[in-house]
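One structure below.
The values are calculated or read from the model by the stated rules, or taken from the named source; none is laboratory data. None of the values given here were measured: they were computed from a predicted structure. Note: ideal-geometry Cβ built from the backbone for every residue, glycine included; neighbour counts use all protein chains shown. Note: areas computed on protein heavy atoms with side chains; ligands, DNA, RNA excluded. Shrake-Rupley method; radii C 1.70, N 1.55, O 1.52, S 1.80 Å.
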Amino acid sequence: MNLSRIMIILAGLLIPLLLPAQSVVNTVHNLSVSGPGTVKAAGESEICIFCHTPHRSHPQSPLWNRNDPGLNYTLYNSSTTQAAPGQPDGAAILCLSCHDGTIALGEVLSRPSPIPFVNGVTVMPPGNANLSTDLSDDHPVSFHYSATLAAEDGELADPATLTGPVRLENEQLQCTACHDPHRNPFSDFLTVSTLQSELCAYCHQKDYWDNTSHKLSPATWNGAGNDPWFHTPYSTVSDNACENCHRPHSAGGHLRLMNHFPEEDNCLDCHNGNVAAEDIQMQLGKQYTHDVYSRSGVHDPEEPGVVEVRHAECEDCHNPHASRELPAPAPNANGFIEGVRGVNSAGVAVDPIQYQYELCYRCHADSPDKPASPTSRQIEQNNVRLEFDIGNPSYHPIEAAGQNNNVPSLLPPYTEASIIFCSDCHASDGSAAPAGPHGSIYPQILKFQYETADFTVESYQAYRLCYECHDRQTIIFSAGSFGQRVHRQHIVNEDTPCNACHDPHGISSLQGNATNNTHLINFAITIVSPDPASGRLEFEDLGNVRGRCYLTCHGVQHSPEFY
Amino acid sequence: MKHAKFVTFLFSGLLMLNGLLFSQTISGSAHDFSNETWNTTGELCIVCHTPHHADVTVGDAPLWNHDVTAANFTLYNSATLDATVGQPDGSSKLCLSCHDGTVAVDNFGGQTNGTQFVSGGGLIGTDLNDDHPVSFVYDATLAGNDGGLFDPTTTNSGLGGTIDEDMLFNGKLQCASCHDVHNSSGIAKLLIKPNSASALCLTCHSK
C-alpha cells in the first residue's frame, strides 16, 4: 500500500465534483443515487452502468448493458416522407431500451437482478420521455439518410454536410442526431438549440422558408385562448419557427408531426387574433365559408393537382413554409398564397402557382363532385376555368382583360384593360375583414351583398357587390339605352336582379357564342322564360350598345324587344 | 517532497485502515493459483512468470512463462469509435492467454496439454466485440477527434500522475489500464481504482 492508492480512493469520491458542468453526471441521465432527477436508483452509485458495461455487452456497441426490447414498433409514415424508416436499430433501439417504457430502468446485464429505484419506479414513468412502442407520432429514426434521399425529397440537406453537432450513424439517422445522451446544455439532451429551430434546419431546408413570416415574425401571444407554444420555452413566432406548428415527439397530428389534429387547429391557435393580427377563426365561423372544420384527414399534400376529393383545409390555399405579406397586382398570386399548388388556365397542374386563379382552379374547375351553380341558367357550367377562358364571348377579367372594350359604368381605377382577382368578389365580408375568401355572411363567400331573388327592390346595398366597380349612377340613371332603357327599366322598375340576365363568371365558348353571350348574358331560367311566339330564349348583340331579346319575363313577352 | 511526506503522514491512519479492508496483494486473490492441485510447484508467480528463459514473443512481456494465445480476435467496433483498434498486443495479449478460453490456465512453464480453462465471469472469449476495446493508441489526437475523451497527456488519472503515465502502456490502453492483475489495491474485479460513481470510467471518458 502506498500514498497513490490512498489518492485513488479519494479521487474516486472527488472526481464527480470536479467534472465540467455539462457532464452526464449533472443530468437526469445520471440514474445513480447521485443523480439530480427524481427518477433514480435508491443506492447504486455507478453512473455509466445503466447503459454501459466494459464486458459482455449486448446487443451492440457502444458496450450496451441493456436488453434489446425485441418489440415490433409502430413506425412513422406519411405520404411526403421519402425515407423508409425500419424497425429501430443502431442507437435508437438502445435509447428505446428505456424510452419505450417496457424495460425496467434498473434492469442491466451486468447485474443479476434489477437495480432498485426510489419510489419503487421500475419502467420509465408516463410522460414526454416515455415514447411508448407507438412511434408514429415521433420523428422517424433508423432510416438511411443518403444523398439520394435528400435529392428525392428536395428539401433535405445533403448528408455530407452533417459533420457538426448533428451527425448520422453509419449513414442512418438515429436519435443521436438530435440528442446527445451525455450532455444537456439546451434541455432534452439536444445537440443544438431549438431557438429559431436551428436544430431542425441542419437537415430540413424548406423551400421559401427564409422569407416567410412564420420564420421572421416577432409577434407574441396575448395570453388569451390556447397557448400556441405549449411545448416550447419560446415566446415569439420567429423564435418558435418550425415548432409553431410541428412537434418532433408526441405530435398531436401524427402525419407530418403536427402540434394538433385536426389540421386547422395548428393554424388557428395563432390566427385567431391572439398572435397574428387578423382573426381568421372569426371569419371561419360565419355562415358561408371555405369550411375547414367539416373534414379532417382528407387533405394530403401529395393529392393530384386537380383535387379529386374536394375539401378545404388552411394548407390547401396557404403554404405555411412560404406565407408572407407581399402584395401583388392581379392576376399574380400575393405572398399569402405563395408557394402553393394549382391548376393553370389550360387545366394543367402547376407547382407553384403564378396567378391567384390557378389556386381556385384546383377545386373549382375540373374536379369532380362540384355543386351545381347556384343559379339555373340556359347555359349551365360549373367549371370556373371554362367560364373564365379568354376565348369566351364574355367573362369577368380574371385571367386577362375582358372582351368588351366599352364598359361605361366602370369606376376608377378600373378600366376595360383591368384584371381582377377572384378574391375581389369572393372574400370575407366587412370593411376590416382580412383578405381572402375565408368566410362571409353572404352566399358564395361574397365580399358584399348580391341579391339574386326576383323582385328584389333595387338599392345600393342590394347589389353592392356589382356597384363597387360598376357605378350605380351610370347604370340606372345615365341617358340612352344603356342606363335608363335597359338597366333602370329592369333593375329599378321591374325589381329584377342583375343575376337574372348576367352570368357573372362568364360563358364558355364551348357552349355560348359571340352573338348571344356577350356582356355576360346567360339568362337565369328561374326568372326568364322563352318567348312563346318564337320559342326562343335569346339575346342578340347588335353591336354599339344595341341588341334585342326573345323571352318572357314578369309576364312581359319580348318577341323580340330592341334597344 | 516535503509536501508528499506531509500527505503520507496525514493519511497514515487511512493506510492502515485500508490494509485491513483490502487484501491488497495477489496472495489470496483470484490470481493466486499456489494452492491449485494442477500447480504442483505450489509457487505463486510461476503460472505467469519465470526468472529465466522467458517467452519474449510478445512485446513488453514481463519474464513470461505462460503459453501465449494464437487466437484471431473479433475486435470491438462502433459507429462512434474514433480509435484504431488492432489485434490485442502487449499485456492484453498475455491476459487473453488465459481469458480467451483457448489456452489452458495450466499451460505454463513449457506445458501445452493443460486442462484447466477459464469459465464463468472471467471468460472473455475470442469475440471482443462486446468488450471495451484494448490495444489502441490513446493520445491527445484521439481525444481531440473523439470529443468525449480527456487528453491523457494532461489529465490526472487520480493515481498520482496523468492518464498516460499511470494507465497507458507505450501510449496504448490495455487490460491493465483498468485492471491490476496483482490486486495491489484490493478492489473488486481487480480494478486499479474504485468505480464508485463510475470514477474509473470517468477518468478517461468526458461524458
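Numbers for the structure displayed
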item: Test set (1) modelled with pLDDT of 95 or more; (2) closer than 27 Å to residue A:507 by Cβ; (3) open to solvent by 60 Å² or more (accessible area, probe 1.4 Å) - residue A:371 fails condition number; result: (1)
item: Matching residues, the range B:120-154, being assigned to a loop (DSSP other than H, G, I, E, B) and modelled with pLDDT under 95; result: B:147, B:148
item: Residue check, residue A:436 over 35 Å from the mean Cα position of the chain (by Cα) and not aliphatic (A, V, I, L, M); result: no
item: Complete set of residues in the range A:125-154 that are surrounded by 14 or more Cβ atoms within 10 Å (Cβ to Cβ) and without any contact (Cβ under 8 Å) to a residue 60 or more places away in the chain; result: A:129, A:130, A:132, A:141, A:142, A:146, A:150
item: Out of A:385, A:377, A:341, A:324, sole residue that is touching a residue at least 12 places away in the same chain (Cβ under 8 Å) and touching a strand residue (DSSP E or B) at 6+ places or on another chain (Cβ under 6 Å); result: A:377
item: Residues (open to solvent by 50 Å² or more (accessible area, probe 1.4 Å) and of a type in the set (Ser, Thr, Tyr)) located in the range B:42-88; result: B:57, B:74, B:80, B:84
item: Segments classed as strands (runs of 3 or more DSSP E), wholly inside the range A:490-563, with at least 3 members that are open to solvent by less than 30 Å² (accessible area, probe 1.4 Å); result: A:547-553
item: Residue B:145 being touching a residue at least 40 places away in the same chain (Cβ under 8 Å), within 13 Å of chain A (Cβ to nearest Cβ) and on the phi < 0 side of the Ramachandran plot; result: yes
item: Selection status of residue A:197, of a type in the set (Ser, Thr, Tyr) and part of a loop (DSSP other than H, G, I, E, B); result: no
item: Tally of residues being outside any strand (DSSP E or B), touching a Leu at 6+ places or on another chain (Cβ under 8 Å) and more than 7 Å from chain A (Cβ to nearest Cβ) across the range B:183-207; result: 6
item: Options B:126, B:153; residue that is farther than 13 Å from residue B:100 by Cβ and among the β-branched types (Val, Ile, Thr); result: B:153
item: Identity of the residue in the range A:335-380, assigned to a loop (DSSP other than H, G, I, E, B) and charged (D, E, K, R), that ends up farthest from residue A:450 (Cα to Cα); result: A:351
item: Residue B:159, sole failed condition from (1) out of contact with any Leu (no Cβ under 8 Å at 6 or more places or on another chain); (2) farther than 24 Å from residue B:59 by Cα; (3) away from every other protein chain (no Cβ under 11 Å); result: (3)
item: The one condition in (1) closer than 30 Å to residue B:132 by Cα; (2) not assigned by TED's automatic domain parsing to the domain that holds residue A:79 that residue A:158 fails to fulfil; result: (1)
